[in-house]
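Student: One structure, as C-alpha cells, below. Some questions next.
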Amino acid sequence: MKKLLWWLIAGSSGGPNRARIILMLNERPYNAHQLAEDLDLNYKTVRHHLKVLEENNVVTSSGKQKYGELYFLSDKMSDNFHVFDEIWKNLRK
C-alpha cells in the first residue's frame, strides 16, 4: 500500500488533489459535487481523481453511476491511513 500511495500522491501532478480528496473522505463521506465545491475544483477533475482512487482501491462508492453517489475511504485505505498521513506530512515539508 505504501508504494501505491507514493505513486498516487507524489508520482504525478494530480497527486496533491488526490491527497486533498483522501483527507476530506477521512472525515466523512462526500459526493463528487460536494468535493468539487469544497476543494474549489472542476467537477470533471474531481470525477477523474475519484475514478483513479477507486480503481486503486483507495475509495469506494455507495452506488455505481448514480448521481449523488457517496464516496468513502475503502477499508484497506482506512486501515492504512497512517501510511498516507506519513507520506503527506513528508511531502508538505
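The values are calculated or read from the model by the stated rules, or taken from the named source; none is laboratory data. None of these values were measured; they are calculated from a predicted model. Positions of Cβ are generated from backbone atoms using ideal geometry, with glycine treated the same way; all protein chains shown enter the neighbour counts.
Student: Return the residues of region 46-69 that are over 12 Å from the mean Cα position of the chain (by Cα) and either surrounded by 13 or more Cβ atoms within 10 Å (Cβ to Cβ) or of a type outside the set (S, T, N, Q) (or both); say none if nothing qualifies.
Tutor: Those that are over 12 Å from the mean Cα position of the chain (by Cα) and either surrounded by 13 or more Cβ atoms within 10 Å (Cβ to Cβ) or of a type outside the set (S, T, N, Q) (or both): Gly63, Lys64, Lys66, Tyr67, Gly68, Glu69.
Student: Quick one: how many residues across region 1-33 are more than 22 Å from His82 (Cβ to Cβ), more than 13 Å from the chain's Cα centre (by Cα) and either crowded, with 16+ Cβ neighbours inside 10 Å or free of Cβ contacts under 8 Å to residues at least 24 places away in the same chain (or both)?
Tutor: Here the count works out to 2.
Student: Restricting the search to region 30-63, which residues are among the polar types (S, T, N, Q), modelled with pLDDT of 95 or more and farther than 20 Å from Ala10 by Cα?
Tutor: Once the filter is applied, which keeps residues that are among the polar types (S, T, N, Q), modelled with pLDDT of 95 or more and farther than 20 Å from Ala10 by Cα, region 30-63 yields Asn31, Gln34, Asn42, Thr60.
Student: Under 7 Å between Cβ atoms, at least 6 apart or on separate chains: pull out the pairs that start in region 64-93 with a residue that is on the phi < 0 side of the Ramachandran plot and at pLDDT 95 or above and end on any residue that is assigned to a helix (DSSP H, G or I) and of a type in the set (S, T, N, Q).
Tutor: Sorted first by the residue in region 64-93, then by its partner, the pairs are Leu73/Asn26; Phe81/Asn26.
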